[in-house]
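K.L.:
Have a look at this one before I ask anything.
The values are calculated or read from the model by the stated rules, or taken from the named source; none is laboratory data. No experiment lies behind these values; they were computed from the predicted model shown. When we count neighbours, we look across all protein chains shown, and the Cβ atoms used for this are built from the backbone with ideal geometry, even at glycine.
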Amino acid sequence: MKQLSIKLLFVVSAFLAFSCSTAKKASKSKKDATAMAKPPAKKPGKNDPQPYNKVITKDAKSDKGLFTVHSLDDKFYYEIPDSLFDREMLMVTRISKTASGLGFGGGKQNEQVLRWEKKGKKVVLRVVSYNVTAADSLPVNEAVKNSNFEPVLYTFPIKAYSKDSTSTVIDASPLFEKDVKSLGLPQFRRTPYRVTRLEADKSFIESIKSYPRNIEARHVKTYAAGRPPSNSSTGTISIEINNSMILLPDNPMKRRYFDERVGWFTSSTTDYGQEDQKSKSLTYLDRWRLEVKDEDIEKFKRGELVVPKKQIVYYIDRATPVKWRKYIKQGIEDWQVAFEAAGFKDAIIAKDPPSVEEDPEWSPEDARYSVVRYLASPIPNANGPHVSDPRTGEILESDINWYHNVMSLLRGWFFVQTAAINPDAQSPQFKDEVMGRLIRFVSAHEVGHTLGLPHNMGSSVAYPVEKLRDAEFTQKFGTAPSIMDYARFNYVAQPGDEGVALMPNIGVYDKYAIAWGYRPILDKTAEEEKPILNDWITEHAGDPMYRFGHQQAGDVVDPSSQTEDLGDDAMLASEYGIKNLKRIVPNLIEWTTKTGEDYDDLQEMYGHVISQFNRYMGHVSNNIGGVYEHYKAAGQEGAVYTAVPKEHQKKAMQFIQDNLFNTPEWLINKEIFDRIEFTGSVERVRALQARTINNILSLGKMQRLTEAHTYDSNAYSLPDMMKDLRTGVWSELRTGNKIDTYRRNLQRAHIDRLAYLMTAENQSGRRFSPYVKVTPVNTSQSDIRAVVRAELKTLRSQLRSARGGDTMSRIHIADAIERINDILDPKVIIKKD
């Protein structure tokens, strides 16, 4: 039995072993059959994603940052992390290097929000608009999206995925190689130069660099141009463009809403999610994110100064000459006193950048750093642009462009406005400490722009003119309550006004504006802040020290908000200014020349004298037909717009007659002319006079005079103004005196302007911006043409009755009569075939 059991066990074991073996063989056979039936794996097509190491080879140079940028064989690949798809990024386009005559380096050309999206085998780059918005939680949000479909800027085929499949690789080169207009030369730049196309064979990518928060792409674009501003023989324009793409913050800053009574740079959106029964435009401040640290909140509530969570830090470009660095830094940190009014200490700091040895990766293009960029350029300018989050107005970074020749501009202004009383300015070359103080002044002004403050041209009118001659007053308050005014230097001060201040500092208005815009209002929403902000404004209502007045371009409407003026009375201030110019002109040769050198400085400074005198004439003549503008909100007493009083306008007219239309003999200095020009002195005076006549007889001023007299019969009327102007310009017709060359030119300029007004086209009343206000005028249906016609007839009658004068005077009178005849009764010229 035992043996039988062993045999049975053997048989079973053998059977199981056989079965097992058979099963294995069957399984293998099945796999082979399946393998034979399955088609071979399809190779990726030309437009399909490739293996990562086939695209990004070992020869690629990789730059890690916001995206990893790989450069290989003149191509640039973006490796985009999945976490950054559908995030919003701000693209800022600037001209970094430009052709002569085509703007200047650093000038911003475009700004737009972009979003990278993955769609199948493509990456899509869309342009995102914040012009129209509604909260995501509201039903109307869907309608807003449907009405504002985001345009596609570019599409890219996906080249590869990273080995761990967490990022996507595209070839970004075409975005900068092709003519993508929003990233290149904008249309308003192309039109004047007749740009027709991009010349691809002359265009290329200079570099693409990646930083933790931004990517900087530099590319050279060459365009075929019918009218290039320089090097016309090439028929092209070449510029280097810089595109900065900056990641917008995850956690948007709380907005602070704008009020026109406090000047500020702003962002805006039309919000359809408001409770108003119409779409509502929301405008909010552009400002840095200054927040109180959690551990300092109680200190802040007690009124103690606290250091913000993140300071505003400006670095001084390594290219800046060493001797000027400390002055630029002082200008930056001068703003600390204003931020103290907002509750912060050490809120704004100036630093030297690390040396190349300390940090070879440090770059002024890195969006983490705000830099004062020193540019070796002949442009006499400086500017302070900033980049802000369009959702909230948060300033993300700012680079101040400092052009070398701004010192030339400062030298001219300081000389012509202070040399009569200031020995430090009586030279073509200033001492370093003098120029350093001027640099500090400009630095502070430009930093103010980067903090969010625009020009406040209504500031300087706060001071009575005579106070600008008071040393104690000016040392305390400067020459204006705001350094953001163009109240350059103290041209009012006279010899003997010892110790008087010559320029503005961070003033009363600047401290107030920074406190209004930056002081945190804890535990309040942006809407809940509004009543508090209004209270801060009304607390100072009516005090001219706290007034804001827009800069004006074109036709100046408000004479109390002008550029380059000082004091509350343009006639008195200009009278003092002209007295100083009369002191400077006889000394120009001595103060501007050195033995053995040419007369370039003499010519330049005489030009500054002419320009300064012309400014005074503008300051005064803009009172004629002027309307004061004082911003107010509902609940405040008084009008926003008030016509300049009649007597003030008549005083302005008389000032112009006395100081400009009566030939300014003091400007005519033959000793100077003999050294700087062979001709041109007569033309120079004519141009000054004609410019002022044209300004007085502008359509806007004439229409505003008509309107003011319509509402107030005691106001200065248009016929009264025209009569006063004619009586002064043509005074020789009453006296019989000789009419000299200068006066003949002036009188012809008067007739020419009247001729223009008889055929001038209508003027649209659009308000292009807060800076450009255009008075609407229908020239054929308003009183203007009728009054001008009456003036021409009256003048013709007076000319016909005129007697006396020399031969040239009589010739001039006869010619003037013929000119007026031609205007009133134009001859029809028939052309023969």
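K.L.:
For the subset of region 770-818 comprising residues that are under 28 Å from Gly700 (Cα atoms) and among the charged types (D, E, K, R), which member is surrounded by the fewest Cβ atoms within 10 Å (Cβ to Cβ)?
P.N.:
Restricting to residues being under 28 Å from Gly700 (Cα atoms) and among the charged types (D, E, K, R), the top hit is Lys793.
K.L.:
Quick one: Asp601 ticks every box in (1) within 30 Å of Gly625 (Cβ to Cβ); (2) part of a helix (DSSP H, G or I) except a single one, so which number is it?
P.N.:
(1)
K.L.:
Quick check on region 715-734: of everything there that is touching a residue at least 24 places away in the same chain (Cβ under 8 Å) and not in a helix (DSSP H, G or I), which residue is nearest to Ser621 (Cα to Cα)?
P.N.:
Filtering first and then ranking leaves Tyr716.
K.L.:
Is it the case that some residue within region 724-744 is within 36 Å of the chain's Cα centre (by Cα) and of a type outside the set (Asp, Glu)?
P.N.:
no
K.L.:
Can you name every one of the helices (runs of 4 or more DSSP H) wholly within region 463-545 that holds 3 or more residues which are under 21 Å from Ala342 (Cα atoms)?
P.N.:
508-518, 526-538
K.L.:
Output the number of the condition that Ala342 fails; it satisfies all remaining conditions of (1) free of Cβ contacts under 8 Å to residues at least 60 places away in the same chain; (2) buried (at least 19 other Cβ atoms within 10 Å of the Cβ); (3) farther than 22 Å from Arg218 by Cα.
P.N.:
Against the list (1) free of Cβ contacts under 8 Å to residues at least 60 places away in the same chain; (2) buried (at least 19 other Cβ atoms within 10 Å of the Cβ); (3) farther than 22 Å from Arg218 by Cα, Ala342 comes up short only on (1).
K.L.:
Got a number for residues in region 177-206 being among the polar types (S, T, N, Q) and more than 27 Å from the chain's Cα centre (by Cα)?
P.N.:
So the answer is 2.
K.L.:
Given the conditions (1) of a type in the set (A, V, I, L, M); (2) within 27 Å of the chain's Cα centre (by Cα); (3) over 17 Å from Val92 (Cβ atoms), report the number of the one that Ala160 does not fulfil.
P.N.:
Looking at each condition in turn, Ala160 falls short on (2).
K.L.:
Then there is this: Keeping to region 491-531, report how many residues are acidic (Asp, Glu) and surrounded by 13 or more Cβ atoms within 10 Å (Cβ to Cβ).
P.N.:
Selection size over region 491-531: 3.
K.L.:
Does region 461-486 hold any residues that are within 22 Å of the chain's Cα centre (by Cα) and farther than 21 Å from Ala515 by Cβ, and which are they?
P.N.:
Across region 461-486, the qualifying residue is only Tyr486.
K.L.:
Follow-up. With the requirement that a residue be of a type outside the set (Gly, Ala, Ser), in a helix (DSSP H, G or I) and within 17 Å of Asn383 (Cβ to Cβ), what does region 446-462 give you?
P.N.:
Passing the criteria: Glu446, Val447, His449, Thr450.
K.L.:
Hey, among the residues in region 641-690 that are of a type in the set (Lys, Arg) and farther than 24 Å from Glu629 by Cβ, which one's surrounded by the fewest Cβ atoms within 10 Å (Cβ to Cβ)?
P.N.:
Lys670
K.L.:
What is the residue count in region 182-201 for residues that are in a helix (DSSP H, G or I), surrounded by 13 or more Cβ atoms within 10 Å (Cβ to Cβ) and either in contact with a Gly (Cβ under 6 Å, 6 or more places away or on another chain) or not hydroxyl-bearing (Ser, Thr, Tyr) (or both)?
P.N.:
Selection size over region 182-201: 3.
K.L.:
Right, Arg411: over 20 Å from the mean Cα position of the chain (by Cα), in a loop (DSSP other than H, G, I, E, B) and either of a type in the set (Lys, Arg) or crowded, with 22+ Cβ neighbours inside 10 Å (or both) or not?
P.N.:
Spelling it out, it is not the case that Arg411 is over 20 Å from the mean Cα position of the chain (by Cα), in a loop (DSSP other than H, G, I, E, B) and either of a type in the set (Lys, Arg) or crowded, with 22+ Cβ neighbours inside 10 Å (or both).
K.L.:
Next question, about the same structure. For region 373-398, which positions are at pLDDT below 85 and either within 17 Å of the chain's Cα centre (by Cα) or assigned to a helix (DSSP H, G or I) (or both)?
P.N.:
Matches in region 373-398: Ile379, Pro380, Asn381, Ala382, Asn383, Gly384, Pro385.
K.L.:
State whether the residues of region 370-384 include one that is surrounded by fewer than 18 Cβ atoms within 10 Å (Cβ to Cβ) and within 24 Å of Thr266 (Cα to Cα).
P.N.:
Yes; the residues of region 370-384 include at least one that is surrounded by fewer than 18 Cβ atoms within 10 Å (Cβ to Cβ) and within 24 Å of Thr266 (Cα to Cα).
K.L.:
Check Tyr641 against each of (1) modelled with pLDDT under 95; (2) within 30 Å of Asn534 (Cβ to Cβ) and name the one condition it does not meet.
P.N.:
It is condition (1) that Tyr641 fails.
K.L.:
Only one of (1) charged (D, E, K, R); (2) surrounded by fewer than 19 Cβ atoms within 10 Å (Cβ to Cβ); (3) in a loop (DSSP other than H, G, I, E, B); (4) out of contact with any helix residue (DSSP H, G or I) (no Cβ under 7 Å at 6 or more places or on another chain) is not met by Asp568, so which one is it?
P.N.:
The failed condition is (4).
K.L.:
Condition first: among the basic types (Lys, Arg) and either in the same structural domain as Val585 (by TED's automatic domain parsing) or free of Cβ contacts under 8 Å to residues at least 24 places away in the same chain (or both). Now tell me which residues in region 643-701 satisfy that.
P.N.:
Of everything in region 643-701, those that are among the basic types (Lys, Arg) and either in the same structural domain as Val585 (by TED's automatic domain parsing) or free of Cβ contacts under 8 Å to residues at least 24 places away in the same chain (or both) turn out to be Lys646, Lys650, Lys651, Lys670, Arg675, Arg684, Arg686, Arg691.
K.L.:
Of the residues Glu575, Glu597, Glu604, which is touching a Gly at 6+ places or on another chain (Cβ under 8 Å) and either within 30 Å of Asp346 (Cα to Cα) or not aliphatic (A, V, I, L, M) (or both)?
P.N.:
The unique qualifying residue is Glu604.
K.L.:
Looking only at residues that are under 30 Å from His540 (Cα atoms) and polar (S, T, N, Q) in region 256-282, which one is modelled with the highest pLDDT?
P.N.:
Filtering first and then ranking leaves Thr266.
K.L.:
A follow-up question, please. Here's a check for you: in region 344-372, which residue that is touching a Phe, Trp or Tyr at 6+ places or on another chain (Cβ under 6 Å) and in a loop (DSSP other than H, G, I, E, B) is modelled with the highest pLDDT?
P.N.:
Filtering first and then ranking leaves Ala347.
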